[in-house]
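To keep things clear, I will list the structure first and then write my remarks on it.
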Amino acid sequence: MGRTIGLDLKSKRERRRSDYVFHQDYRTRWADNDMFHHLNNPIYGVLIDSIINSYLIDKCGYSTSKSDRIGLVANSYCDYFGSAQYPGVLDVGLRVVKLGKSSVVYEVGVFQQGEEKVKAVGGFTQIWVKREDNKVDSEGVPRHIREEMAKLVNSEDSDVVKPSKL
């Protein structure tokens, strides 16, 4: 049996790159640093939002302007465990923690290239609604998106809620 990936702070602090199914690199910029020469906290939010939307657009065929269903952020969080900085390259990893009928809970891990310790773990819950009225309906997460999201469920994580019917 695989290692359970807990959602408590101690477990998040011990995240590994292999806990995440999809990865992207991000080259830090001078403007990303704060006055203490650390990555500015809002940049982590940008990284989280960017990898999730990149996956939705590139892998799921989602269009931010044309899809009849849209994913709205219901809550977000970020827990910080170390400092990342410019210059450098970050490895940003994405996984799905829970795939519900009308919602998806994402988790993102941020690692500095060349270092094994996770710098931050964050994510958000997205509620899928009809674009025309922002209401949840019986379809929830569109089937083609649900099928791609199921690929982000880490097979080692026995606590993840996997979709029973695609």
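Every read-out reported here was derived from the displayed coordinates using simple, explicitly stated rules and does not represent laboratory data. Small disclaimer: the values here were computed from a predicted structure and weren't measured. Virtual Cβ from ideal backbone geometry, glycine too; neighbours counted across all protein chains shown.
Here are a few things to note about the model shown:
- Residue match in the stretch 127-148 (condition: part of a strand (DSSP E or B) and within 30 Å of Phe36 (Cβ to Cβ)): no
- Matching residues in the stretch 1-35 - criterion: being outside any loop (DSSP other than H, G, I, E, B) and either more than 15 Å from the chain's Cα centre (by Cα) or farther than 27 Å from Lys59 by Cα (or both): Leu9, Lys10, Ser11, Arg13, Arg27, Trp30, Ala31, Asp32, Asn33
- Condition met for Pro87 (in contact (Cβ under 8 Å) with a residue 12 or more places away in the chain and either closer than 15 Å to Pro142 by Cβ or not in a strand (DSSP E or B) (or both)): yes
- Members of the stretch 36-84 that are of a type in the set (Val, Ile, Thr) and in a strand (DSSP E or B): Ile70, Val73
- Any hit, the stretch 52-60, residues being surrounded by 13 or more Cβ atoms within 10 Å (Cβ to Cβ), under 17 Å from Ile127 (Cα atoms), of a type in the set (Ser, Thr, Tyr) and in contact with a Phe, Trp or Tyr (Cβ under 9 Å, 6 or more places away or on another chain): yes
- Residues that are surrounded by 12 or more Cβ atoms within 10 Å (Cβ to Cβ), within 18 Å of the chain's Cα centre (by Cα) and over 15 Å from Leu47 (Cα atoms), drawn from the stretch 74-90: Phe81
- Residue that is farthest from Ala120 (Cα to Cα), among those in the stretch 8-35 that are of a type in the set (Gly, Ala, Ser) and surrounded by fewer than 13 Cβ atoms within 10 Å (Cβ to Cβ): Ala31
- Among (1) buried (at least 16 other Cβ atoms within 10 Å of the Cβ); (2) in contact (Cβ under 8 Å) with a residue 24 or more places away in the chain - the single one Ile43 does not satisfy: (2)
- Residue ID - surrounded by the fewest Cβ atoms within 10 Å (Cβ to Cβ), chosen from residues in the stretch 91-100 that are closer than 14 Å to Thr125 by Cβ and over 12 Å from the mean Cα position of the chain (by Cα): Gly100
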